[in-house]
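The structure appears below as C-alpha cells.
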Amino acid sequence: MSLSALAIAPGASRPAAAQSTPPCRSESAAARLDHVAIAVRDLASAASSFRDTLGFSLKDGRVHANGLRNAHIRFFDGSALELITVGEGEPDELSEWYARFLEEGEGGAFVALRAGPADAVLARLGDLADEARVLEGPAFDWVSFPAGHPLHPVFFIHVRSRPEDLPGHLRHENGATGVSEVWLESPEPKLLAKLLGRFGASPCTDVEDAGGPSGIGFGLAGGTLVIVPVSTAEAEPRVLSVILRADRGMLGVRSAGVWIGWVEGGS
C-alpha cells in the first residue's frame, strides 16, 4: 500500500470505536500524552513500513545495553511514537518483558505520560506511589510500575535533554502533527482512572461501538486516554489504537498490531 492509497476520507478517518465527540480534553490537567511504545519483531521492516507506506519521518534511536533498539516518530507538539524491538545485549527485566510481549504478537506496549520531574509525579500519585519504581538519570526521570502490576502499561517520563529534533524529523508526508488519543486496555479500569484523577484528568466521554471495544475517555492536557476494560489477565494489556492529529483526513490503517487513525485539524 502506498501513501496515495490512504486517500482523504473525512467521514472514515477512524473506526467507529475511536470516535470521541466532542473532543475530550482538560487543559488544566497536570499530565499529557508523551509517547506510545510499539513493540515490533523486525525494527528495520517496521520502520520501512511506517516511513514508505504510512508517510512518517523517522528519527534513529540507539542500541541499549539490554539489547533494546528503537526508532522514533516525533511531532511538533512534543508527542511521539516509538518503535522498539529486542536485539542482542545483556538482558534485564525490561528487555525480557518485551521479549515475552512479542511472543504474543506485535503491538502497543506502553503509554508514556508527561507530568514533570519524578518527585512531582510521586507527590501526585500519593498512595499509588507505594509500588512505583523511580529511575533518575542525567537526561530523564522515569516513574513506572513493575510487570504484573495493573498500572504497568502506563509510565511517566520527564526528559531533561535529548538529541535535537531537526525540522525533517517533525514534518511528515501524511500531515500528522501530534498524538490526539490513545486507547489502552486495563485489567483494573477503576485503578487507572484513580491514577489519572490524581493528575487532574476526569471522565468526559463514553465511547461505545457494537462492532468493537468500548471505553471511557479521560481528558488530559492536549489529548485523551481511553480506558478499555479487559476481561482476562492471561495476556498483557495492549494499546489498541492511536489517533493522530493531522492537517487532512485519511483512512485509518492497522500496522504493527495497532490501529493508526487520524483526526483532521487541531482538536
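The values are calculated or read from the model by the stated rules, or taken from the named source; none is laboratory data. If you're wondering where the values come from, they're calculated on a predicted model, not measured in any experiment. Using ideal geometry, Cβ is built from the backbone for each residue, glycine included, and neighbour counts are taken over all protein chains shown. In case anyone asks, the SASA skips ligands and DNA or RNA and just uses the protein heavy atoms, side chains included. Shrake-Rupley method; radii C 1.70, N 1.55, O 1.52, S 1.80 Å.
Restricting the search to the stretch 113-132, which residues are touching a Ser or Thr at 6+ places or on another chain (Cβ under 9 Å) and touching a residue at least 40 places away in the same chain (Cβ under 8 Å)?
Answer for the stretch 113-132, where residues must be touching a Ser or Thr at 6+ places or on another chain (Cβ under 9 Å) and touching a residue at least 40 places away in the same chain (Cβ under 8 Å): just ARG114.
Taking the stretch 23-37 only, how many residues are hydrophobic (A, V, I, L, M, F, W, C), closer than 9 Å to GLY223 by Cβ and assigned to a loop (DSSP other than H, G, I, E, B)?
1
If a residue must be of a type in the set (Gly, Ala, Ser) and at pLDDT below 50, how many such residues does the stretch 17-31 contain?
3
Modelled with pLDDT under 95, in a loop (DSSP other than H, G, I, E, B), under 15 Å from VAL111 (Cα atoms) and open to solvent by 30 Å² or more (accessible area, probe 1.4 Å) - does that describe any residue in the stretch 206-222?
no
Which of (1) farther than 25 Å from LEU196 by Cα; (2) modelled with pLDDT of 95 or more is the odd one out, the single condition GLY126 does not satisfy?
Here GLY126 meets the rest and fails (1).
Here is a list: ASP60, ASP52, ASP77, ASP34. Which entry is of a type outside the set (A, V, I, L, M, F, W, C), modelled with pLDDT of 95 or more and under 20 Å from the mean Cα position of the chain (by Cα)?
Result of the check over ASP60, ASP52, ASP77, ASP34: ASP34.
Output the number of the condition that ARG14 fails; it satisfies all remaining conditions of (1) open to solvent by 20 Å² or more (accessible area, probe 1.4 Å); (2) modelled with pLDDT of 90 or more; (3) charged (D, E, K, R).
All conditions are met except number (2).
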